[in-house]
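S.K.: A single structure is presented below for examination.
The values are calculated or read from the model by the stated rules, or taken from the named source; none is laboratory data. Note that this is a predicted model, so its numbers are computed, not measured. Using ideal geometry, Cβ is built from the backbone for each residue, glycine included, and neighbour counts are taken over all protein chains shown. Accessible surface is based on the protein model in full, side chains and every heavy atom, while ligands, DNA and RNA are left aside. Shrake-Rupley method; radii C 1.70, N 1.55, O 1.52, S 1.80 Å.
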Amino acid sequence: MAFLDPPWEWECTKARAILGKLTYGDTITAPLFAFRIATACLRPLHFSRGRRLSMKIHEYQAKEILRKYGVPVPGGEMVQTLEEADRAAKDLFDKGNAVVVVKAQIHAGGRGKGGGVKVVKSLDDASKAAKAILGMQLVTHQTGPQGQKVQRLLIEEGSAIDRELYLGIVLDRAAARLVFMASQAGGMEIEEVAHATPEKIYKEYINPAIGLQPYQARRLAFKLGLKPTQINQATSFMLGLYKAFVETDSTLMEINPFITTKDDKLLALDCKINFDDNAMFRHKDLKELRDLSEEDPLEVEASKFALNYIKLDGSIACMVNGAGLAMATMDIIEYAGGKAANFLDVGGGANQEQIENAFGILLSDPNVKAIFINIFGGILRVDVLATAVVAAAKKLNVQLPIILRLEGTNVEEGRKILAESGLKFEVGATMKEAADLAVKAAKGSK
Ligand code: GDP
Ligand code: MN
């Protein structure tokens, strides 16, 4: 049984996504928010996967990277059609493999449980598995209830698994160091292990000046209970992983499961790598691994305009400047009995074009029934914002109710611009009043 039921799990994923978009400017509000998310999610905070936006890649791409660093992975091939799948499986059987594995490639874990990983022993069964998985809407604890469409498969050599272990590297923010983790409880959800039995996760903190030391890797290898014949293999495996992590500017690397085979070999059976988005300018080759079809289309669109946008489930679209205010806005909507349709930070210096783009993105979400604009005019003056909102609303012919709460520099001029625009805006005197208006409007409009 999963520790968290799927909706909660999904909320956590979204919360982490929001945390991932925060930038240095949000260092005051972020820890507070992180704390709330952490308690809400009943999850140890040190497992929240990094606070800044990170780029995800597929398993087959991650394994390609490991291979370059001499880390052993099973042979295999990524395919996008059933014909290619059959041919790739035939190649593997012809090479003498008795077992082949058909694996869904999506940017989410838990594929095994969701039916996205099939171990087969004949070409016929490989065909059937590929047919069942390719194109399916795969639902796992990380995809959300709507699932993710499978557009790629990895057809891979099967392995005779002896033990399923876990290896991972992440940044431990509290320790301000990378931490190398290992556990004998591999193959399952590591977050669950960390929560219920943290003592089952062994850790080595890495001194950034000298990197992961062989003795540290050896210590982990012994704690994993590996056989004497496997210790050296495991040590070079871990050192290879660490090198790959550092040289690719990763933010997360996980091998789950890290397996031992019946003939004493060690292999990365699954691999997840996230990269630091802010470092991708110096890794043109890695940047190309991004698969936009795995990302939310509205979020992709927003990222083109440097808008921090995360799509959520509710009906009230929010346009806010500053991540802290955006969080407070989501809270007050919830407090007023509604649900936010998104997290959107237009940034402190948003201009008319940004506002227009933001409107466009908010309006393309069919769940949106009302738009709540909550702006504190600091760098972005309220009159500039009001002019931009009026222009964008006219240009895009916005029919949905718009509720505003404005405060800050040139607020009087801003209010005047709205009042004289001839458009119907509702203005709340306080955040709470505006939130009440927004909730009422969302319930009233179809
Ligand atoms: P995840 O569920 O998304 O993490 O996908 P994984 O790649 O970790 O696969 C899930 C599970 O499938 C693994 O923990 C293994 O138990 C099983 N599996 C994957 N590849 C093989 C294989 O080659 N042989 C066998 N026997 N099992 C495999
Ligand atoms: Mn896995």
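S.K.: Calculated from DSSP H runs of 4 or more alone, at -39500 (n - 2.57) each and per residue, what is the 222 nm mean residue ellipticity of the chain, nearest 500? List each step's numbers first, then the result.
M.R.: On the way: 15 runs with 173 residues, N = 446.
My calculation for the chain gives -12000 deg cm²/dmol from helical runs alone.
S.K.: Another question, if that's okay. Mind checking the angle between helix 59-68 and the chain's longest principal axis? C-alpha axes, 0 to 90 degrees, to the nearest 10.
M.R.: The angle comes out near 60 degrees.
S.K.: Kindly give Rg over Rh for the stretch 243-330, based on alpha-carbon atoms, with the Kirkwood expression for the hydrodynamic radius. Each step should come with its number before you reach the end.
M.R.: Values: Rg = 18.5 Å, Rh = 16.5 Å.
In the stretch 243-330, Rg relative to Rh is 1.12.
S.K.: Continuing with this model, one more query. Just how many pairs of Lys in the stretch 284-371 have C-alpha atoms closer than 16 Å, counting pairs that are eight or more places apart or on different chains?
M.R.: On the way: Lys287/Lys304; Lys311/Lys339; Lys311/Lys369; Lys339/Lys369.
For the stretch 284-371, qualifying lysine pairs total 4.
S.K.: If we count every other residue with Cβ under 13 angstrom of Thr260's Cβ, Lys/Arg +1 and Asp/Glu -1, where does the sum land?
M.R.: On the way: positive: Arg163, Lys227, Lys262, Lys265; negative: Asp162, Glu164, Asp263, Asp264.
Net of charged neighbours comes to 0.
S.K.: Past the 13 angstrom mark, what percentage of all C-alpha to C-alpha distances in the stretch 79-129 do you count? Mind dumping the intermediate values first?
M.R.: Numbers: 701 of 1275 pairs.
Value for the stretch 79-129: 55 percent of Cα pairs lie more than 13 Å apart.
S.K.: Please compute the volume of the convex hull spanned by the alpha-carbon atoms of the chain and report it per residue in Å³.
M.R.: On the way: hull volume 67.5 nm³, N = 446.
Spelled out: Cα convex hull of the chain, divided by residues, is 151 Å³.
S.K.: Please compute one quarter of the surface area of the Cα convex hull for the stretch 255-384 and express it in square nanometres.
M.R.: On the way: hull surface 47.5 nm².
For the stretch 255-384, averaging the hull's shadow over all directions gives 11.9 nm².
S.K.: Right, here's the next one. Please give the contour-minus-distance gain from Asp285 to Ala160: 0.36 nm per residue of separation, less the Cα-Cα distance, rounded to one decimal in nm. If you can, show how the numbers build up before the last one.
M.R.: Numbers: separation 125, 0.36 × 125 = 45.00 nm, distance 3.34 nm.
Net length gain for the segment: 41.7 nm.
S.K.: In whole percent, what relative contact order does the chain give with Cα contacts below 8 Å and a gap of six or more residues? Walk me through the numbers before you get to the answer.
M.R.: Values: 863 pairs, mean separation 56.3, N = 446.
So the answer I get is 13 percent.
S.K.: What is the percent of Cα-Cα separations in the stretch 320-369 that go past 13 Å? Numbers along the way, then the final one.
M.R.: Details: 737 of 1225 pairs.
So the pairs more than 13 Å apart make up 60 percent of the total in the stretch 320-369.
S.K.: For the Cα atoms of the chain, what angle does the longest principal axis make with the long axis of helix 6-20, in degrees from 0 to 90, nearest 10?
M.R.: In the chain, helix 6-20 runs at an angle near 80 degrees to the longest axis.
S.K.: While we're on this one: Would you work out what percent of the accessible area of the chain, with all protein chains in place, is carbon or sulfur (probe 1.4 Å)? List each step's numbers first, then the result.
M.R.: Details: 11380 of 20370 Å².
Percent of accessible area from carbon and sulfur atoms in the chain: 56.
S.K.: Assuming a ≥ b ≥ c are the square roots of the Cα gyration tensor eigenvalues, decide whether the stretch 176-331 counts as rounded (a/c under 1.5), prolate (otherwise, with a/b larger than b/c) or oblate. Working shown, then result.
M.R.: On the way: a/c = 2.30, a/b = 1.96, b/c = 1.17.
Prolate, because a/c is 1.5 or more and a/b exceeds b/c.
S.K.: For the stretch 50-179, restrict the atom set to alpha-carbon positions and state the Rg and Dmax in Å.
M.R.: Taking only Cα atoms of the stretch 50-179, I get Rg and Dmax of 16.2, 51 Å.
S.K.: Compute the distance from the alpha-carbon center of the stretch 194-219 to that of the stretch 398-446, in whole Å.
M.R.: About 53 Å separates the Cα centre of the stretch 194-219 from the one of the stretch 398-446.
S.K.: Among the trypsin sites (Lys or Arg not before Pro) in the stretch 217-298, which ones are in a DSSP loop with at most 11 other Cβ atoms within 10 Å of the Cβ? Mind listing them? Could you put the intermediate results ahead of the total?
M.R.: Values: sites: Arg218, Arg219, Lys223, Lys243, Lys262, Lys265, Lys272, Arg282, Lys284, Lys287, Arg290; in loops: Lys262, Lys265, Arg290.
Here the trypsin sites (Lys or Arg not before Pro) that fit, given the DSSP loop and packing criteria, are Lys262.
S.K.: Of all alpha-carbon pairs in the stretch 111-161, indicate the percentage at a distance above 13 angstrom. Could you put the intermediate results ahead of the total?
M.R.: Numbers: 751 of 1275 pairs.
Pairs farther apart than 13 Å: 59 percent.
S.K.: Let me ask you something else. How many angstrom separate the Cα center of the stretch 154-191 from the Cα center of the stretch 222-264?
M.R.: Cα centres, the stretch 154-191 to the stretch 222-264: 9 Å.
S.K.: I would also like to ask the following. Nearest 5 percent is fine: what portion of the DSSP beta bridges confined to the chain is antiparallel? Numbers along the way, then the final one.
M.R.: Numbers: 50 of 67 bridges.
So the antiparallel bridges amount to about 75 percent of the total.
S.K.: Could you calculate, for the stretch 380-446, the ratio of the Cα radius of gyration to the Kirkwood radius, expressed as Rg to Rh?
M.R.: Numbers: Rg = 11.8 Å, Rh = 12.3 Å.
Rg divided by Rh gives 0.96.
S.K.: Would you kindly calculate the translational diffusion coefficient of the stretch 350-410, applying Stokes-Einstein with the Kirkwood radius from alpha carbon pairs, for 25 °C and a viscosity of 0.890 mPa s, and quote it in µm² s⁻¹ without decimals? If you can, show how the numbers build up before the last one.
M.R.: On the way: Rh = 11.8 Å.
Approximately 208 µm²/s, per Stokes-Einstein.
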